[in-house]
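One structure is given here, and the rest of the page talks about it.
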Amino acid sequence: MDSMQLFTRQTKAISTARRSLLIIESIPGIRYNEIVDVELGTGEIRSGQVIEVGKNTTVVQVFGGVSEVDLLNSKVRYKGETLKLPVSPDILGRIFDGSGKPIDGGPPIISQKYQDINGVPANPASRMPPAEFIETGISAIDGLNVLVRGQKLPIFSGSGLPHNKIAAQIIRQASLKGKSEDFAIVFGAIGVSYDDAAHFISNLEETGALSRAVGFINTASSPVIERLSTPRLALTAAEYLAWEMNMHVLVILTDITNYADALRELAAMRGEIPSRRGYPGYMYTDLASLYERAGRISGREGSVTIIPILTMPDDDITHPIPDLTGYITEGQIVLSRPLDRKRIYPPIDVFLSLSRMMKEGIGEGKTREDHNNVFMQSYAMYAEGNYLREITTVIGSEALTDRDKVYLNAADRFEREFIAQDENSRRTVEETLSIAWDIFSMLPEEDLKLINEAYIKKYLPEPSRSE
Amino acid sequence: MGKIWRISGPVIIAEDMRGSQVYEVVEIGEERLNGEIIGLEQDKAVIQVYEDTVGLTVGEKVTGTGEILMAELGPGLVGNIYDGVQRSLVTMKDEVGDFLHRGVRTYALDREKKWHFIPAMKAGAQVEGGDVIGTVQETGLIEHRIMVPPGMSGVIDAIEEGDYTVEESIALLKSNGKTWPLTLMQRWPARKPRPYKRRFDPQDLLVTGTRVIDYLFPLALGGKAAIPGGFGTGKTVNLQQMVRWSQTQLNIYVGCGERGNEMADVLQSFKELKDPATGRYLQEKEIFIANTSNMPVVAREISIFIGITMAEYYRDMGYDILLVADSTSRWAEAMREIGARLEETPGEEGFPTYLGSRLSAFYERSGRVECLGSPGRIGSATVIGAVSPPGADFSEPVTQSTLRIVDALYSLDVALANRRHFPTINWLQSYSHYADSVNAWWEKVSPDYTEVRNQALITLQKEAELEEIVRLVGPEALPENDKLLLLIARMIREDFLMQSAYHPVDTYSNPKRSHLMLSTIMKFSDFARGLAEEGMMVSEISASRIKQRISRMKDVPDDEIDQYVDSIRQDMAGGAASLEEGGV
């Protein structure tokens, strides 16, 4: 598959330079999707990618744009290979840019091994269903939207909501229940502000996690095309650590919205027929080629867990970016602006959030026997309280029965005590469950229909009749 | 032999291709990547490539195979896992490891494995296409009937019991002085429907074990249905439930552009779960096609046709087959991508204008038929397609084109998912045109089926109307009889329609059980109306133990349900007195 060539070819026959594209005369041997060097008249060298090969002409997309390219003195040089990342254990603790070059002042990575950043799909017959509970210490996740090893669980956020804070908290706290080993962290920042990127790195440094982390940073001012390679580099590093170094890897990709916008921008430059809201028709497949790199492989020790973060334009969950993401990922953690306004941190919308892998990751021997029952009962209780809150705004609280008022109260407590927690608080799953039980004790016992009676006897605290 | 002339994503154009035919399979480049010709112009052929084209270069050779894309059909399909072009992923795992590299070729059917063939006829018999000449026990559940391929006829010779590979001759067929070897395997062009004698209207219920489907919106053997739903509505869980529990002889699950982890989960669970009717592992009656979303896009397009060809082949043996395609939207997107590369004039939302006809070409291959050949037999292929409408907006082209073709619709509702009402099949939007045709079937199980079903549907419809009023005035302001209706509707929803895929008992509900449950709720409705007329408050009725016992029906095992329901009904027969005793 890799066809390394010992010689290079170059051409000066550039016929068109427009937007980010160059149309050049074809030279035998040029390969589809290979990476080329574009040398400007000034001597500056940029990377580009072959996006269409024909017998007579070849189209090259230039990373960094075609500004200052002139048709007389610029050259295009073929190397005969696609974009690759050198991999070795030394990548841990290092920070790279969106083309894989170190930007932390350290030496380049020397390796015998170069991996294609597009990866190779895992054989579905070799995959192992994810089932190991990851304790994030965040109740709204551990209690209601469980994350398991090998899952891809995105955070759907909105601009101004504290998704980065939550991601940082997960990075600090995530561990496998009952085991002390830590996750390796791979961090891909796509088109984020310099400050956000710096914040993440200093967060890793402060908690000592940097030594087991790899960062790939494409800031808002870096070339747009590298927004496409940044997550692929990150995932290639993650796959290397997981499948060859037997590590459990947690990949944070932020912000997928910038990624999708870059995809749209580059597709438009190629003159492709747009689909919904101008995004290319293959965006589902393209996003899947990232997210599907999560998983477990039977017979291999490591795992790749992906938490992509995206900001929903106008908080609209039906926008193509969250929509297509939701179709690929195994659930989603949705942040809520109303909760954020109520100063609830983390402002996780329990109704819209979902983890499809939850069932596999909880229960006796994994978390606790009553976990699923507590989850369902909490959900039902909170839903009922919310419904009542909604109709109260129309009909007033006068029309409510005493039972209804208890539920309203329970929903408030659920938000303030269960969902809300401090940025630095790390709750064990037992602590999370006992908070829920504490709130259940407000309800009439016969309302706990979704809980096995044996668990009620065992876990329900004596009701405090103070109200 | 031709040469690559242009490469653009999964589509390449080759020159010097005179003499090729459309849909001919070709091999491309050093790695012999698989592709299929989708258009010819002068000496140039437009080829869609089933594998990643990265690294190909102009001038690499393109070789025609002279054949159009064929599905391999024979023993060894059941229990296997295939990619979109019918390469066995199990074999690939053993031979090339955990990752799918390009250019690997494996056969669909194991060439070395021996199968024990038992002839059903003797030398000298006159046969024609479709005749069963013998059998092979493929799995504990599937007796594989070896048939004369359609279109062939003649006199059987040299037929003998024994162990054969799929390529070895099990008999000879003599016709017009020529002799053809017959093998356990036959090949069939995937895009072409297999022939049958005649087609019947579907009339028997396909038992899925999901109450809302079987009882309210029944699907018939040989029918075609669609399940559209936004993400998080449990589409995949619904489909998995159907292939798990459907009372068909064989199920085919086509995972087309969907999640790898979910596929792994399905594969795992089918190794562990047992069929309720036979007690054998489900794996013995399933074929999987797994072309996950990160696998080559073009292979999605053909995967659906490979799947339906296998379904027709087993149908021809006289079996009832269920094929589930998850998701037809990803399939349509693959067509859109190819169409765009070909610079075709796009239809709605960029989808090709032939979207509708391609969808019908797939769904129309379902049906209940009298098979070719003897002994005479009837088989059926039922098709269910998932649709993933962007933004859960059902007005988009794939959903709309599908609705014009299918006869049953299971509409999944995001609002129900947010309320954690599963399955999220919306009872106001879903429909089934098979409801009338399977009536006779249902009435054999329970003569009052139609009445109970209608009552339930009317109650749910009225509930929806009342909900609007409740939003304005609150539930307390309603008159008692409306409150009662809301109570009954709620019981139908919570104690009948909601069904847990994860509860060992509730996950599969046989038709008799479903009927017992719903008819008990409707009996309770009559009982409660009587009480209300005597002046009892609905809140009291709602708090009664009898109602609580009805809500526990779901969890009562099959062998206890009759007795459980009987005791509830006896207590209801006791009237208001039975509530007052306190023990009820």
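Taking the stated definitions as given, is residue A:121 crowded, with 19+ Cβ neighbours inside 10 Å, farther than 30 Å from residue A:368 by Cβ and in contact with an Asp or Glu (Cβ under 8 Å, 6 or more places away or on another chain)? Talk me through it step by step, then tell me what you get.
Values: crowded, with 19+ Cβ neighbours inside 10 Å: yes; farther than 30 Å from residue A:368 by Cβ: yes; in contact with an Asp or Glu (Cβ under 8 Å, 6 or more places away or on another chain): yes.
For residue A:121, the condition - crowded, with 19+ Cβ neighbours inside 10 Å, farther than 30 Å from residue A:368 by Cβ and in contact with an Asp or Glu (Cβ under 8 Å, 6 or more places away or on another chain) - is met.
Mind counting the residues in segment A:313-358 that are surrounded by fewer than 21 Cβ atoms within 10 Å (Cβ to Cβ), among the hydroxyl-bearing types (Ser, Thr, Tyr) and more than 10 Å from chain B (Cβ to nearest Cβ)?
1
Can you tell me which condition residue A:407 does not meet? The list is (1) crowded, with 23+ Cβ neighbours inside 10 Å; (2) within 30 Å of residue A:454 (Cα to Cα); (3) within 13 Å of chain B (Cβ to nearest Cβ), and all the others hold.
(3)
Every residue in segment B:385-409 that is within 14 Å of chain A (Cβ to nearest Cβ) and of a type in the set (Gly, Ala, Ser), please.
B:386, B:388, B:391, B:392, B:395
Hey, does segment B:505-514 have a residue that's touching a His at 6+ places or on another chain (Cβ under 6 Å), assigned to a loop (DSSP other than H, G, I, E, B) and in contact (Cβ under 8 Å) with a residue 60 or more places away in the chain?
Restricting attention to segment B:505-514, the residues satisfying the condition of being touching a His at 6+ places or on another chain (Cβ under 6 Å) are none.
Checked segment B:505-514: no residue is touching a His at 6+ places or on another chain (Cβ under 6 Å), assigned to a loop (DSSP other than H, G, I, E, B) and in contact (Cβ under 8 Å) with a residue 60 or more places away in the chain.
Can you name the strands (runs of 3 or more DSSP E) wholly within segment B:178-278 that have at least 1 residues being over 30 Å from residue B:119 (Cβ atoms) and within 13 Å of chain A (Cβ to nearest Cβ)?
Values: elements: B:178-183, B:186-189, B:198-200, B:224-228, B:250-256.
Filter on segment B:178-278 gives B:224-228, B:250-256.
Which of the residues that make up segment B:541-572 are touching a Leu at 6+ places or on another chain (Cβ under 8 Å), closer than 19 Å to residue A:449 by Cα and away from chain A (no Cβ under 14 Å)?
Within segment B:541-572, B:541, B:546 meet the criteria.
Among A:294, A:260, which is of a type in the set (A, V, I, L, M), at the interface with another protein chain (Cβ under 10 Å from one of its Cβ atoms) and within 18 Å of residue A:154 (Cα to Cα)? Full working, then the answer.
Numbers: A:260 fails: at the interface with another protein chain (Cβ under 10 Å from one of its Cβ atoms).
Of A:294, A:260, the one residue that is of a type in the set (A, V, I, L, M), at the interface with another protein chain (Cβ under 10 Å from one of its Cβ atoms) and within 18 Å of residue A:154 (Cα to Cα) is A:294.
For residues that are more than 16 Å from the chain's Cα centre (by Cα) and farther than 10 Å from residue A:127 by Cα, tally how many sit in segment B:250-268.
Final tally of qualifying residues: 1.
Among the residues that make up segment B:526-535, is at least one of them out of contact with any Gly (no Cβ under 9 Å at 6 or more places or on another chain), of a type in the set (A, V, I, L, M), farther than 30 Å from residue B:425 by Cβ and modelled with pLDDT under 90?
no
Failed condition for residue B:79, given (1) more than 15 Å from residue B:25 (Cα to Cα); (2) touching a helix residue (DSSP H, G or I) at 6+ places or on another chain (Cβ under 6 Å); (3) more than 14 Å from chain A (Cβ to nearest Cβ), with all others met?
With respect to (1) more than 15 Å from residue B:25 (Cα to Cα); (2) touching a helix residue (DSSP H, G or I) at 6+ places or on another chain (Cβ under 6 Å); (3) more than 14 Å from chain A (Cβ to nearest Cβ), residue B:79 is out only on (3).
Taking only segment A:8-58 into account, find how many residues are under 32 Å from the mean Cα position of the chain (by Cα), closer than 16 Å to residue A:269 by Cβ and within 14 Å of chain B (Cβ to nearest Cβ).
5
With A:137, A:119 as the choices, which residue is within 14 Å of chain B (Cβ to nearest Cβ), assigned to a loop (DSSP other than H, G, I, E, B), at positive phi and in contact (Cβ under 8 Å) with a residue 60 or more places away in the chain? Outline the logic, then answer.
On the way: A:137 fails: within 14 Å of chain B (Cβ to nearest Cβ).
Result: A:119 is the single residue among A:137, A:119 that is within 14 Å of chain B (Cβ to nearest Cβ), assigned to a loop (DSSP other than H, G, I, E, B), at positive phi and in contact (Cβ under 8 Å) with a residue 60 or more places away in the chain.
Which one of the conditions (1) assigned to a helix (DSSP H, G or I); (2) within 14 Å of chain A (Cβ to nearest Cβ) does residue B:289 fail to meet, given that it meets all the rest?
Here residue B:289 meets the rest and fails (1).
Filter segment A:273-291 down to the residues that are closer than 15 Å to residue B:341 by Cβ, more than 7 Å from every other protein chain (Cβ to nearest Cβ) and surrounded by 23 or more Cβ atoms within 10 Å (Cβ to Cβ) and list them by number. Full working, then the answer.
Residues of segment A:273-291 that are closer than 15 Å to residue B:341 by Cβ, as a first pass: A:273-275, A:280-282, A:285-286.
Within this subset, residues satisfying the condition of being more than 7 Å from every other protein chain (Cβ to nearest Cβ) are A:274, A:280, A:286.
Result: A:280, single match.
Filter segment A:190-211 down to residues that are within 23 Å of residue A:291 (Cβ to Cβ) and of a type in the set (D, E, K, R), then give me how many there are.
1
From the list B:376, B:391, exactly one residue is touching a residue at least 60 places away in the same chain (Cβ under 8 Å) and outside the structural domain of residue B:498 (by TED's automatic domain parsing). Which is it? If you could, list the steps in order and put the result at the bottom.
Values: B:376 fails: touching a residue at least 60 places away in the same chain (Cβ under 8 Å).
Going through B:376, B:391 in turn, the sole match is B:391.
Which count do you get for residues in segment A:68-90 that are crowded, with 20+ Cβ neighbours inside 10 Å and not small (Gly, Ala, Ser)?
7
Within the set of pairs 6+ apart or on separate chains, which have a first residue in segment B:52-72 that is within 14 Å of chain A (Cβ to nearest Cβ) and assigned to a strand (DSSP E or B), a second that is surrounded by 22 or more Cβ atoms within 10 Å (Cβ to Cβ) and among the β-branched types (Val, Ile, Thr), and C-beta atoms under 6 Å apart?
Note: pairs meeting the criteria are B:62/B:26; B:62/B:28.
Considering segment A:150-166 alone, what residues qualify as being of a type in the set (Gly, Ala, Ser) and either within 14 Å of chain B (Cβ to nearest Cβ) or buried (at least 22 other Cβ atoms within 10 Å of the Cβ) (or both)? Spell out how you get there, then give the answer.
Residues of segment A:150-166 of a type in the set (Gly, Ala, Ser): A:150, A:157-160.
The answer is A:150, A:157.
Pairs needed: first member in segment A:299-325, within 14 Å of residue A:159 (Cα to Cα) and assigned by TED's automatic domain parsing to the domain that holds residue A:213; second member anywhere, surrounded by 24 or more Cβ atoms within 10 Å (Cβ to Cβ) and of a type in the set (Phe, Trp, Tyr); C-beta distance under 8 Å; at least 6 residues apart or different chains.
Filtered contacts from segment A:299-325: A:310/A:156; A:312/A:156; A:317/A:156; A:322/A:156.
May I ask you to say which residue of B:368, B:404, B:358 is in contact with a Phe, Trp or Tyr (Cβ under 9 Å, 6 or more places away or on another chain), basic (Lys, Arg) and farther than 25 Å from residue B:241 by Cβ? Talk me through it step by step, then tell me what you get.
Values: B:368 fails: farther than 25 Å from residue B:241 by Cβ; B:404 fails: in contact with a Phe, Trp or Tyr (Cβ under 9 Å, 6 or more places away or on another chain).
Sole residue among the options that is in contact with a Phe, Trp or Tyr (Cβ under 9 Å, 6 or more places away or on another chain), basic (Lys, Arg) and farther than 25 Å from residue B:241 by Cβ: B:358.
Pull up segment A:387-401, narrow it to residues that are surrounded by fewer than 17 Cβ atoms within 10 Å (Cβ to Cβ) and either in contact (Cβ under 8 Å) with a residue 12 or more places away in the chain or at positive phi (or both), then point me to the one that is nearest to the other protein chains (Cβ to nearest Cβ). Can you show your working first?
Kept after step one, since they are surrounded by fewer than 17 Cβ atoms within 10 Å (Cβ to Cβ), are these residues of segment A:387-401: A:387, A:389-390, A:393-394, A:396-399, A:401.
Going one step further and asking which of them are either in contact (Cβ under 8 Å) with a residue 12 or more places away in the chain or at positive phi (or both), we end up with A:389, A:396.
Values: A:389: 13, A:396: 9 Å.
Filtering first and then ranking leaves A:396.
Quick one: is residue B:323 surrounded by fewer than 24 Cβ atoms within 10 Å (Cβ to Cβ) and out of contact with any Leu (no Cβ under 7 Å at 6 or more places or on another chain)?
Numbers: surrounded by fewer than 24 Cβ atoms within 10 Å (Cβ to Cβ): no; out of contact with any Leu (no Cβ under 7 Å at 6 or more places or on another chain): yes.
When the stated conditions are applied, residue B:323 does not pass them.
How do the pairs read when you match residues in segment B:104-121 that are assigned to a loop (DSSP other than H, G, I, E, B) with residues anywhere that are among the aromatic types (Phe, Trp, Tyr), using Cβ under 9 Å and keeping only pairs 6 or more apart or on different chains?
Pairs found: B:108/B:82; B:114/B:164.
Report yes if some residue within segment B:316-326 is under 18 Å from residue B:238 (Cα atoms) and within 14 Å of chain A (Cβ to nearest Cβ); otherwise report no. So that I can check it myself, show each step before the final result.
Filtering segment B:316-326 for residues under 18 Å from residue B:238 (Cα atoms) gives B:321-326.
The next check asks that each one be within 14 Å of chain A (Cβ to nearest Cβ); those that pass are B:326.
Yes, segment B:316-326 has at least one match.
Assess whether residue A:430 counts as being farther than 20 Å from residue A:138 by Cα and either exposed (fewer than 15 other Cβ atoms within 10 Å of the Cβ) or in contact (Cβ under 8 Å) with a residue 40 or more places away in the chain (or both). Step through it out loud before you land on a result.
Details: farther than 20 Å from residue A:138 by Cα: no; either exposed (fewer than 15 other Cβ atoms within 10 Å of the Cβ) or in contact (Cβ under 8 Å) with a residue 40 or more places away in the chain (or both): yes.
It is false that residue A:430 is farther than 20 Å from residue A:138 by Cα and either exposed (fewer than 15 other Cβ atoms within 10 Å of the Cβ) or in contact (Cβ under 8 Å) with a residue 40 or more places away in the chain (or both).
Testing residue A:346 on (1) over 30 Å from residue A:308 (Cβ atoms); (2) part of a loop (DSSP other than H, G, I, E, B), one condition comes back false. Which one is that?
Going through (1) over 30 Å from residue A:308 (Cβ atoms); (2) part of a loop (DSSP other than H, G, I, E, B) one by one, residue A:346 breaks only (1).
The values are calculated or read from the model by the stated rules, or taken from the named source; none is laboratory data. Keep in mind that this is a model prediction, so the values were computed, not measured. In this analysis, Cβ positions are derived from the backbone assuming ideal geometry, glycine residues included, and neighbour counts consider all displayed protein chains.
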